[in-house]
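Participant: Sharing a structure below in structure tokens format, with a few things to ask.
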Amino acid sequence: MEKLNKNVAEGYHNYPEKVLQFGEGNFLRAFVDWQIAVLNKKTDFNGSVVVVQPRGSAKVELLNEQDGLYTLYLQGMKDGKAVKEHMLIDAISRGINLFTQYEEYVELAKNPELRFIFSNTTEAGIAYDETDRLEDQPQKSFPGKLTAFLYHRFQAFNGDADKGMIIIPCELIEKNGEILKKIVLQYAAQWNLGEEFVQWIHKANTFCSSLVDRIVPGFPIDTIDEITEELGYRDDLVVVGEQYHLFVIEGPQWIKNEFPTHLAGLNTLFVDDLTPYRTNKVRILNGAHTAMTPVSYLYGLDTVAEAVDHPVIGTFIKELIFKEILPTLDLPDEELSLFAEAVLERFRNPFIRHFLMSISLNSMSKYKTRNLPTLLEYINRKKELPEKLVFSLAALIFFYKGKRGAQDIPLADDQDILELFKENWAAFDGSIESIRTIVSRVLGYEKNWKMDLNALPGLTDAVSRYLYEFETKGMEKAIEVVLMETSKK
């Protein structure tokens, strides 16, 4: 069967390149690029996306092989009905491999029609690397790559204020736009790029913080044969997402004139303050995802839906949300409960197999961003530890041992995190003292947590106790104990 390309696609259209995108992964393609495809069909946006990779290059090469085309399946509840539909996304013009085509990246900076920059490089991506240099091809960090690009654009247009960019990072960290701008300015100072460039960054460019919400399981490996038969072509970049979507952008209202999502019926909001939207979404939906993943996977489950519907794990997840996450939030109880029930309904989406392993990427930084604020606030309000969040933290440490029974777990995280766990688990001798050593070192890894979690009263002991139970009794027995203990409270 022929592979998807522009000759296979009906109605293929070339659009001017208006968007630079850092990230070629499933989420951006099912969220931002989908919205741009909708804008092209329903408004006069008339723009395409150039994709560059923050890390390896495999998907960039696949995109170019398919002329930037891929199929998006949206499956879930729509207007009260279960709907499964698909569309061909033609919003991507090409991908640039930064390791072999860096000159094309520099050349792109000279494009006068380019206007937007989107990114999703995971929570760990918006970070400063002091070893980055302007001369690197490419720089190691995403902000380093972005700074170099903006400087090349500044030079190409002699500091023209009309050639600045609207920059909307989609990484799930608080104030992502502000933090990204701060690091760009840090590089500008480190690289001595000059006061004129700094002023151009301030006056000509708009950095927006954002919040994104759509569950995207990614490539449907278990149903790809049926999908290929249905489509009539082979697509190595099929992506599956839920129907629901929400994009909240903290920025000036005039951006809507250039990114007219309101004219296309998209659930994209431009607001002055996205804090309340972010807190609810990150702590409830993303927090539940991250907390459930190591527990559910080590229990022997593979998907979110299996976990939520499981009599034991499902109870754990629901109690985690309603008894430990919601009590740390300030909106009215009824509003929070309705949102939480809606989240659980989305987790049960009958069309989507959202694999837990796809959520596990960079779990340490995700726990810090999504769960640690809840844990700290719970302690602040209740003066005690949230047992299920602590249990999940212990499960996370056990997950990074890299074994589910006899099965190896394909761990994916920054190298320093992987080395931390590899070194400590290699020294494990089976004793409770050895368990406590592992826990103390992980909780004390301030590079990730930005604090020493051992300082929280009782946390080291509680995590060590649960971790020892995982090691000696297994997850099934351990979770029965924690559910029994918390039911008595």
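A short reminder: the numbers here are calculations on the coordinates, not readings from a lab. From a predicted model like this one, the values you see are computed outputs, not experimental measurements. Because the Cβ atoms are built from the backbone with ideal geometry, glycine has one as well, and the counts that use them run over all protein chains shown.
Participant: Using amide H atoms built 1.01 Å from N in the peptide plane, name the residues 5+ places from Phe207, or on other chains, whose amide H lies under 5 Å from its own.
Facilitator: When sequence neighbours closer than 5 places are left aside, the close amide H contacts are Ile167.
Participant: Here is a further query. What are the ³J(HN,Hα) couplings of the stretch 185-193, residue after residue, when phi is run through the Karplus curve with 6.51, -1.76, 1.60 and θ = phi - 60°? Round to Hz, x for glycine and proline.
Facilitator: 5, 5, 5, 4, 6, 4, 8, 6, 7
Participant: Would you please name the GluC sites (Glu not before Pro) within the stretch 373-461 that are DSSP coil residues with at most 11 other C-beta atoms within 10 Å of their C-beta?
Facilitator: Passing both the DSSP loop test and the Cβ count: Glu384.
Participant: Select from Val32, Leu74, Gly47 the residue farthest towards the positive end of the dipole of the stretch 6-105; place +1 on Cβ of Lys and Arg, -1 on Cβ of Asp and Glu, and compute about the Cα centre.
Facilitator: Checking the options against the dipole of the stretch 6-105, the answer is Leu74.
Participant: What does the convex hull of the Cα atoms come to per residue for the stretch 1-114, in Å³?
Facilitator: Hull volume over Cα atoms, normalised by residue count, gives 119 Å³.
Participant: Compute the Cα gyration tensor for the stretch 275-487, then decide on rounded, prolate or oblate, letting a ≥ b ≥ c be the square roots of its eigenvalues: rounded whenever a/c is under 1.5, prolate when a/b is larger than b/c in the other cases, and oblate in all that remain.
Facilitator: The shape class here is prolate.
Participant: Next question. How big is the charge dipole of the chain about its Cα centre, in debye rounded to the nearest 20, if each Lys and Arg gets +1 on its Cβ and each Asp and Glu gets -1 on its Cβ?
Facilitator: Roughly 800 debye for the chain.
Participant: Classify the stretch 176-246: rounded, prolate or oblate, from the alpha-carbon gyration tensor (a ≥ b ≥ c, eigenvalue square roots; a/c under 1.5 rounded; otherwise prolate if a/b is larger than b/c)?
Facilitator: Since a/c reaches 1.5 and a/b is larger than b/c, the shape of the stretch 176-246 is classed as prolate.
Participant: Would you mind checking the tilt of helix 287-299 against the longest principal axis of the Cα atoms of the chain, expressed as 0 to 90 degrees and rounded to 10?
Facilitator: 60
Participant: Next question, about the same structure. Please compute the net charge surrounding Ile313, taking Lys and Arg as +1 and Asp and Glu as -1 over other residues with Cβ under 12 Å from its Cβ.
Facilitator: Combined, the nearby Lys, Arg, Asp and Glu give -4.
Participant: Taking 8 Å as the Cα distance limit and 6 or more residues as the minimum spacing, I'd like the relative contact order of the stretch 17-271 as a percentage.
Facilitator: Value for the stretch 17-271: 22 percent.
Participant: Per residue of the stretch 201-214, what does 6.51 cos²θ - 1.76 cosθ + 1.60 with θ = phi - 60° give for ³J(HN,Hα)? Whole Hz please, x for Gly and Pro, Karplus curve as stated.
Facilitator: Result, rounded to whole Hz: 4, 5, 8, 9, 10, 10, 9, 10, 7, 8, 10, 10, 8, 6.
Participant: Right, next: Using only Cα atoms, what Kirkwood radius does the stretch 279-338 have, in angstroms? Please list the in-between numbers first.
Facilitator: Details: mean 1/r = 0.0843 Å⁻¹.
It is 11.9 Å.
Participant: Short version: ³J(HN,Hα) in whole Hz for each residue of the stretch 11-23, in order, from phi by Karplus 6.51 cos²θ - 1.76 cosθ + 1.60 (θ = phi - 60°), x for Gly and Pro, what are they?
Facilitator: x, 4, 9, 8, 10, x, 7, 10, 10, 9, 10, 8, x
Participant: Also, I was wondering about something else. I need the Debye-formula profile for the stretch 374-487: one equal scatterer per C-alpha, no solvent, reported as log10 I(q)/I(0) at q = 0.13, 0.21 1/Å, two decimals.
Facilitator: Log-scaled intensity ratios, in q order: -0.50, -1.29.
Participant: I need the fraction of alpha carbon pairs in the chain separated by more than 44 Å, rounded to a whole percent.
Facilitator: 15
Participant: List the residues, sorted by chain then number, that are 5 or more residues from Leu237 or on another chain and whose placed amide H is less than 5 Å from its amide H.
Facilitator: Hits under the 5 Å cutoff: Thr71.
Participant: Considering only the other residues whose Cβ falls under 13 Å of the Cβ of Tyr105, what net charge follows from Lys and Arg at +1 and Asp and Glu at -1?
Facilitator: Numbers: positive: Arg94, Lys110, Lys145, Arg153; negative: Glu17, Glu103, Glu104, Glu107, Asp136.
Every neighbour counted, the sum reads -1.
Participant: If you don't mind, there's one more thing I want to ask. For helix 415-426, what angle does its Cα long axis make with the longest principal axis of the chain, in degrees from 0 to 90 and rounded to 10?
Facilitator: The two axes meet at around 20 degrees.
Participant: Calculate how large, on average over all directions, the projected area of the Cα convex hull of the stretch 265-395 is; give the answer in nm² to one decimal.
Facilitator: Taking a quarter of the hull surface, the average projection is 9.0 nm².
Participant: Counting Lys and Arg as +1 and Asp and Glu as -1, what is the net charge of the other residues whose Cβ lies under 12 Å from the Cβ of Ile215? Working shown, then result.
Facilitator: Working: positive: Arg214, Lys281, Arg346, Arg348, Arg353; negative: Asp213, Glu242, Glu345.
Local charge sum for Ile215: +2.
Participant: Taking the convex hull of the alpha carbon atoms in the stretch 121-239, what volume per residue do you get, in Å³?
Facilitator: Spelled out: Cα convex hull of the stretch 121-239, divided by residues, is 156 Å³.
Participant: Also: Largest first and in whole Å, give the semi-axes of the stretch 426-481's equivalent ellipsoid, each being the square root of 5 times a Cα gyration tensor eigenvalue.
Facilitator: Details: eigenvalues 90, 37, 17 Å².
Result for the stretch 426-481: semi-axes of 21, 14, 9 Å.
Participant: Sticking with this structure for a sec: Given an 8 Å cut-off on Cα distances and at least 6 residues of separation, report the relative contact order of the stretch 275-487 as a percent. Could you put the intermediate results ahead of the total?
Facilitator: Values: 226 pairs, mean separation 49.2, N = 213.
So the answer I get is 23 percent.
Participant: Over all distinct Cα pairs, what is the inverse of the mean 1/r for the stretch 400-456, reported as the Kirkwood hydrodynamic radius in Å?
Facilitator: So the Kirkwood estimate lands at 12.3 Å.
Participant: If eta is 1.567 mPa s and T is 4 °C, what Stokes-Einstein diffusion coefficient results for the stretch 226-322, Kirkwood Rh from Cα pairs, in µm²/s? Spell out each step's value before the answer.
Facilitator: On the way: Rh = 16.9 Å.
Once the numbers are plugged in, D ends up at 77 µm²/s.
Participant: Can you compute the helix-only [θ] at 222 nm over the chain? Use -39500 (n - 2.57) per DSSP H run of at least 4 residues, normalise by all residues, nearest 500 deg cm²/dmol.
Facilitator: About -13000 deg cm²/dmol.
Participant: How big, on average over all directions, is the shadow cast by the Cα convex hull of the stretch 17-271, in nm²?
Facilitator: That works out to 13.4 nm², a quarter of the Cα hull's surface.
Participant: Here's another thing I want to ask about it. If you take every DSSP beta bridge fully contained in the chain, what fraction is antiparallel? Give it as a percent rounded to 5.
Facilitator: Bridges in the chain that DSSP calls antiparallel: roughly 40 percent.
Participant: Rounded to the nearest 10 degrees, what's the angle between the helix 372-382 long axis and the longest principal axis of the chain, both from Cα atoms, 0 to 90?
Facilitator: 50
Participant: Could you tell me the relative contact order of the chain? Use alpha-carbon pairs under 8 Å, at least six residues apart, and round to a whole percent.
Facilitator: The value is 13 percent.
Participant: Okay, next question. Between Phe270 and residues 5 or more places away or on another chain, which pairs have amide H atoms under 5 Å apart, with H built 1.01 Å from N, and which residues are they?
Facilitator: Answer set, sorted by chain and number: Ile249.
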